[in-house]
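**Student:** Could you have a look at this structure, given as structure tokens, before my questions?
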Amino acid sequence: MENKSFISLYWKCQLTGWTVASLYWTVQGWTGGRFRWDLALVQLVSDVMMYILITHLYRTFALKNRWQDLSLNDLWWRILVAIPVMGAFYTAVTLGKLHLIRVLFLTNNPQRFADFFELNGLSIFMAGIRLMAIWLLAYHLYHYAKREIRISGENARLELGFKQAQLDNLFAQLNPHFLFNSLNIIKSLIYTNPGSAGRGIDLLSELLRSGLYSGTSMPISLKEEMELVKDYLELEQLRMEERLSYHLDVDVSLSGRIVPRLSVQALVENAVKHGVALRKEGGKIDISVLEKEGFLYLRVTNPGRFERDNSPAGIGLRNLRERLVISYQGQAALSLVQEGEKVCAEIKIPIQ
Amino acid sequence: MKTIKVVIIDDERGARLELLRMLNGYPQVTVLGEAADADEAELMIRSLRPDLIFLDIQMPGRSGLDLLETLDHLPHVIFVTAFDQYAIRAFEVSAMDYLMKPVREERFAKAMSQAIERIGGHDEPSVFVKDRGRYHLIKWKDIQLIESVENYARLWFGKNQVLFKTSLNKLEENPDCRMFFRAGRGQMFNMDFIKSILKEDNAMTVELTTGELIRLSERQATKFKNLRRQ
């Protein structure tokens with residue numbers, strides 16, 4: 001739809017623009033005396049057709065080479081080259097046409113083409129340069145503006161998505177079921193085991209701080225992320241006790257790698273909520289990090305069955321997926337697959 | 001002072017301990033047992049017949065709501081949940097109380113005093129039924145007719161009906177259903193709803209105030225007459 005309306009706008013501009021330019025010459029001819037209607041009409045129609053042809057050929061060429069997508073830096077010198085080239089074309093067809101008209105209509109005053117060229121060549125070339133420069137600037141200005149509007153729209157959308165992800169993350173981190181159950185267990189521990197109660201408050205504080213008050217610095221080191229994951233699991237263990245166990249397999253050499261904040265944690269929380277917590281006998285969560293061919297693979301495995309239409313599994317992971325898309329421009333991936341009796345969630349991110 | 005028999009059902013040991021601690025302040029309460037999931041709880045409730053249960057909704061395996069649907073003798077129930085807004089929204093049941101974890105002492109005291117009053121007084125025996133995604137608490141005395149439908153019993157109360165997973169044989173043995181008379185293989189009716197009795201030779205037709213007509217065979221009619229004579 002957009003394309004179609006643009007073409008029609010393009011043709012409208014071409015026709016009006018060149019008709020107005022050609023009418024200017026017609027008026028010039030009219031005021032200059034020796035005016036002939038038939039000649040004026042031929043001149044007008046041929047001018048409009050020829051100059052539209054030249055510029056349209058340029059447009060076809062530019063579109064084919066996707067010049068409309070070029071940045072200003074790559075575009076300006078192309079335009080600078082295009083102006084004299086098109087000016088030369090303009091000069092050639094104009095001279096050819098004028099000479100032809102002279103030969104065909106003004107037989108009483110035959111002038112040699114070489115003389116005619118010598119006399120008018122430069123001024124026609126200058127006019128061509130002027131006209132083509134105007135045309136090219138108008139054409140590319142329009143496209144540039146259009147592109148800018150599109151890009152700023154896209155940026156706004158991304159920005160909004162990012163804000164939404166932050167907000168979702170906040171809510172996900174505030175997972176009320178987790179928060180209130182944790183508070184409840186801490187309350188219980190205050191009476192039975194004050195030491196553990198204190199520990200529980202420390203862990204919960206750390207998680208809330210990281211989820212809520214981390215500010216805009218979203219990525220953190222893998223080491224820090226693993227600390228958060230351990231805090232989270234320890235807190236869940238206060239609740240689930242021996243039903244929840246885990247194993248961490250992370251090479252120390254990867255400690256400094258940068259990962260999105262609360263990414264592994266989101267996978268682990270998902271594994272607890274939709275895997276271990278649903279099983280009476282509980283289960284073990286395996287967390288491993290691997291580096292391969294320029295990518296970092298963060299894997300979390302839990303016992304259980306993955307149900308595709310199990311929508312509650314959504315919010316946390318959907319939000320993580322969104323964050324990955326924004327942070328890595330599509331180079332990262334999040335997958336969730338069934339492997340035998342286990343569900344394996346994996347994030348793949350390019351190493352920065 | 002009547003003893004109140006309690007069962008606590010929650011998958012987290014810490015959460016159960018917390019309830020036990022709060023119940024410490026009630027000398028009339030005896031905690032019969034604790035269950036960590038619905039299956040364990042079902043056995044415990046069937047064998048121990050508690051007056052009151054504290055019930056978590058989200059548990060591994062069956063949920064607390066699923067558990068209630070399987071019970072034909074319902075104790076007084078207090079839900080204790082961290083954050084189950086959706087489950088609670090599905091309730092048609094104002095008669096049931098729920099507490100939010102962590103539970104405030106005042107709120108707990110209020111729920112307990114209500115429970116004690118109900119249990120001490122004449123709390124009408126009820127049944128917990130899920131119908132089209134919503135939960136209902138129906139008093140047995142409000143049901144006029146029960147029909148057997150495969151593995152379910154269809155409970156008629158007024159113009160409404162719900163399906164409840166049980167058998168008529170089970171209901172006949174349920175002391176909460178004493179007011180029902182078994183009229184043949186597929187029907188039980190509430191004797192408090194009888195409007196008129198029509199004798200036909202040795203058989204009988206009972207008309208209920210809600211309009212249903214129930215035919216009793218000769219054998220059932222005799223049994224019915226004997227029951228009425230007592």
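**Student:** Can you tell me which condition B:D72 does not meet? The list is (1) within 13 Å of chain A (Cβ to nearest Cβ); (2) part of a loop (DSSP other than H, G, I, E, B), and all the others hold.
**Tutor:** Just one mismatch for B:D72, condition (1).
**Student:** Let me ask something else. Out of (1) at pLDDT 80 or above; (2) assigned to a helix (DSSP H, G or I); (3) more than 14 Å from chain B (Cβ to nearest Cβ), the odd one out for A:I201 is which?
**Tutor:** For A:I201, the exception is condition (3).
**Student:** So is A:Y58 at pLDDT 90 or above and over 24 Å from A:A145 (Cβ atoms) or not? First the steps, then the outcome.
**Tutor:** On the way: at pLDDT 90 or above: yes; over 24 Å from A:A145 (Cβ atoms): no.
Here the answer is no, as A:Y58 does not meet what is asked.
**Student:** I'd like the full set of residues that are surrounded by fewer than 19 Cβ atoms within 10 Å (Cβ to Cβ) and more than 9 Å from chain A (Cβ to nearest Cβ), limited to the stretch B:4-21.
**Tutor:** Those that are surrounded by fewer than 19 Cβ atoms within 10 Å (Cβ to Cβ) and more than 9 Å from chain A (Cβ to nearest Cβ): B:K5, B:L20.
**Student:** Select from the stretch B:161-208 the residues that are among the small types (G, A, S), surrounded by fewer than 18 Cβ atoms within 10 Å (Cβ to Cβ) and over 18 Å from B:E69 (Cα atoms) and list them in ascending order.
**Tutor:** Looking only at the stretch B:161-208, we keep the residues that are among the small types (G, A, S), and these are B:167, B:183-184, B:186, B:196, B:203.
Checking the rest, the ones that are also surrounded by fewer than 18 Cβ atoms within 10 Å (Cβ to Cβ) come to B:167, B:184, B:186, B:196, B:203.
Matches in the stretch B:161-208: B:G184, B:G186, B:S196, B:A203.
**Student:** Can you tell me which condition A:K280 does not meet? The list is (1) out of contact with any strand residue (DSSP E or B) (no Cβ under 9 Å at 6 or more places or on another chain); (2) under 19 Å from A:M226 (Cβ atoms); (3) among the basic types (K, R), and all the others hold.
**Tutor:** Every condition holds for A:K280 apart from (2).
**Student:** Being closer than 19 Å to B:R228 by Cα and not aromatic (F, W, Y) is the filter here, so list the residues in the stretch B:147-186 that pass it.
**Tutor:** B:E172, B:E173, B:P175, B:D176, B:C177, B:R178, B:M179, B:R182, B:A183, B:G184, listed by residue number.
**Student:** Also: Given the conditions (1) modelled with pLDDT under 90; (2) part of a strand (DSSP E or B), report the number of the one that A:S210 does not fulfil.
**Tutor:** The single condition A:S210 does not satisfy is (2).
**Student:** Considering only residues that are within 13 Å of chain A (Cβ to nearest Cβ) and among the small types (G, A, S), look in the stretch B:26-51 and name the one that is surrounded by the most Cβ atoms within 10 Å (Cβ to Cβ).
**Tutor:** Only one residue fits best here, namely B:A41.
**Student:** Still on this model: Please determine, by comparing only the residues of the stretch B:54-68 that are of a type in the set (D, E, K, R) and surrounded by fewer than 19 Cβ atoms within 10 Å (Cβ to Cβ), which one is farthest from the other protein chains (Cβ to nearest Cβ).
**Tutor:** To start, the set of residues in the stretch B:54-68 that are of a type in the set (D, E, K, R) comprises B:56, B:62, B:66.
Checking which are surrounded by fewer than 19 Cβ atoms within 10 Å (Cβ to Cβ) leaves us with B:62, B:66.
Numbers: B:R62: 10, B:D66: 13 Å.
Looking at residues that are of a type in the set (D, E, K, R) and surrounded by fewer than 19 Cβ atoms within 10 Å (Cβ to Cβ), I get B:D66.
**Student:** Is it true that some residue in the stretch A:35-45 is in contact with a helix residue (DSSP H, G or I) (Cβ under 9 Å, 6 or more places away or on another chain), under 20 Å from A:I83 (Cα atoms) and part of a helix (DSSP H, G or I)?
**Tutor:** Start the filter on the stretch A:35-45 by keeping residues that are in contact with a helix residue (DSSP H, G or I) (Cβ under 9 Å, 6 or more places away or on another chain), which leaves A:35-36, A:38-45.
Now restrict to residues that are under 20 Å from A:I83 (Cα atoms): none.
No, the stretch A:35-45 contains no residue that is in contact with a helix residue (DSSP H, G or I) (Cβ under 9 Å, 6 or more places away or on another chain), under 20 Å from A:I83 (Cα atoms) and part of a helix (DSSP H, G or I).
**Student:** So, one more: Those residues that are within 14 Å of chain A (Cβ to nearest Cβ) and more than 24 Å from the chain's Cα centre (by Cα), I need them from the stretch B:94-117; list them, please. Before you say what the answer is, go through the steps one by one.
**Tutor:** As a first pass, look at the stretch B:94-117 and keep what is within 14 Å of chain A (Cβ to nearest Cβ): B:98-105, B:107-108.
Across the stretch B:94-117, the qualifying residues are B:K101, B:P102, B:V103, B:R104, B:E105, B:R107.
**Student:** Looking at A:E291, A:E346, A:E322, which is the one that is under 16 Å from A:V250 (Cα atoms) and crowded, with 17+ Cβ neighbours inside 10 Å?
**Tutor:** Values: A:E291 fails: crowded, with 17+ Cβ neighbours inside 10 Å; A:E322 fails: under 16 Å from A:V250 (Cα atoms).
It is A:E346.
**Student:** If A:V45 passes every condition in (1) touching a residue at least 12 places away in the same chain (Cβ under 8 Å); (2) closer than 22 Å to A:Y10 by Cα but one, which one does it miss?
**Tutor:** Every listed condition holds for A:V45 apart from (1).
The values are calculated or read from the model by the stated rules, or taken from the named source; none is laboratory data. All values derive from a computational prediction rather than experimental measurement. Methodologically, a virtual Cβ is constructed for each residue, glycine included, from the backbone with ideal geometry; neighbour enumeration extends over all protein chains shown.
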